[in-house]
1. Per-residue counts of other Cβ atoms within 10 Å, averaged by peptide: what ranking do you get for 236-246, 104-114, highest first?
2. If each of R297 and Y150 carries a label point 7 Å out from its Cα toward its Cβ, how far apart are those two points in nm?
3. Run the dipole for the chain about the Cα centre, Lys and Arg Cβ at +1, Asp and Glu Cβ at -1, nothing else charged, and hand back the magnitude in debye, nearest 20.
4. Any lysines with Cα under 23 Å of the K246 Cα? List them, leaving off those in the same chain fewer than 8 positions away.
5. Which far-off residues, 5 or more places away or on another chain, put their amide H under 5 Å from the one on L175, with H placed in the peptide plane?
6. On full extension of the chain, what length is gained from M1 through T76, given 0.36 nm per residue of separation minus the C-alpha to C-alpha distance?
7. Can you tell me the relative contact order of region 23-169? Whole percent, Cα pairs under 8 Å, sequence separation 6 or more.
8. Can you tell me how region 39-101 classifies by the Cα gyration tensor, rounded, prolate or oblate, using a/c under 1.5 as the rounded cut?
Amino acid sequence: MLSAQFHTIEGVTNTLNDIDLTIYEGMSLGIVGESGCGKSVTARMPIRLLPEPMFRITKGEVIYHRNEKPFNTFNTKQNGKEINKIRGKEISMIFQEPMSSLSPIHTVGSQMVELIRQHSDMDKAQAKAHAIHMLERARVPRASEVFDDYTFQLSGGMRQRVMIAMGVSCGPRLLFADEPTTALDVTIQAQILGLLKDIQREQNMALVLITHDLAVVANMVEEIAVFYLGYIVEMGTTDQILKTPKHPYTKALIDSIPTLHTTDALKPIKGSIPDPYSKITGCPFGMRCDKVTDRCRKEVPSFDTHENDHKVRCFEA
Ligand SMILES: Nc1ncnc2c1ncn2[C@@H]1O[C@H](COP(=O)(O)OP(=O)(O)O)[C@@H](O)[C@H]1O
Ligand SMILES: [Mg+2]
């Protein structure tokens, strides 16, 4: 169970609350929830990509099993050798907005070669060949030409392919894909998701796919964790979450997905996410929930296991 806060001049935020998450070799997990729920923080935390000491873990730890040995990723310097061996190599990330993580002043190739050489003993020529091979695997057409392009010369879909090629170029065991398709149109979105799934299978890599859109993860992952205000409110297999959701927030997320089979109006989730600095007592979803009771207003429900390991944080489930 891990909790974490940001300490800023505006105050303290309870950004992660009693998070209990295990990611196994080769598994695919979806993290779903509205914006501001702590999805990106969860993805950036294991490889320490958050501003410390503003960001602090107040309870629990992040354990990475490296060569079968447990390694506490916070028990070392944020920019020390140990974490740098893991960051980008064993645990990697791709971000929603490629332009914020790709350099505009270096070519695609020089960024890839630098990353590959940092984590291997390849020489320049070998690293270049590997980079072009990874671009090809990410279905970048004319890969050897794109290698010499600057990122601003590429289309949005192509930039995202380059990000994926970079993200997986060192053969990570775990990849966090943080809203990798949000900025793309629907056709390209489907291609990029398909590509991620293929690479995950080919490399037997664990994939954590983060999205605010439940429809995106439906055909992509084995398990789903639903986040709300820094809590996991429900977790289970994709079938459990989509077919037999138990938490009112998950049900509301599902009702807000557009489908081809209904002419009913979409039901947006009522209310909005409260300000991160506000103090909330009781169930985090209480103020937006139709089934709220006096108990919900006072106590945070525990994260209980129901049949077949389906976990829910709700008194009424
Ligand atoms: N750099 C930061 N400084 C202060 N607070 C932050 C920072 N990054 C994230 N937070 C806090 O963490 C919460 C969750 O953010 P985030 O994980 O980015 O949400 P999302 O689910 O949209 O990815 C935000 O509401 C905010 O309060
Ligand atoms: Mg985010």
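1. Highest mean packing first, the order is 236-246, 104-114.
2. In this crude spin-label approximation the distance works out to 5.9 nm.
3. Using only the charged Cβ atoms, the result is roughly 500 debye.
4. Once the sequence-local lysines are set aside, what remains near K246 is K39, K267, K270, K291, K298, K311.
5. When sequence neighbours closer than 5 places are left aside, the close amide H contacts are S92, A206, L207, V208.
6. Contour length minus the Cα-Cα distance gives 25.0 nm.
7. Numbers: 125 pairs, mean separation 29.8, N = 147.
Once divided by the residue count of region 23-169, the mean separation gives 20 percent.
8. Values: a/c = 1.72, a/b = 1.25, b/c = 1.38.
It is oblate, given that a/c is not under 1.5 and a/b is not larger than b/c.
Every number here is computed from the coordinates shown, using simple stated rules; none is lab data. Nothing here was measured: the structure is a model prediction, and the numbers come from that model. Cβ atoms come from the backbone with ideal geometry, glycine included; neighbour counts cover every protein chain shown.
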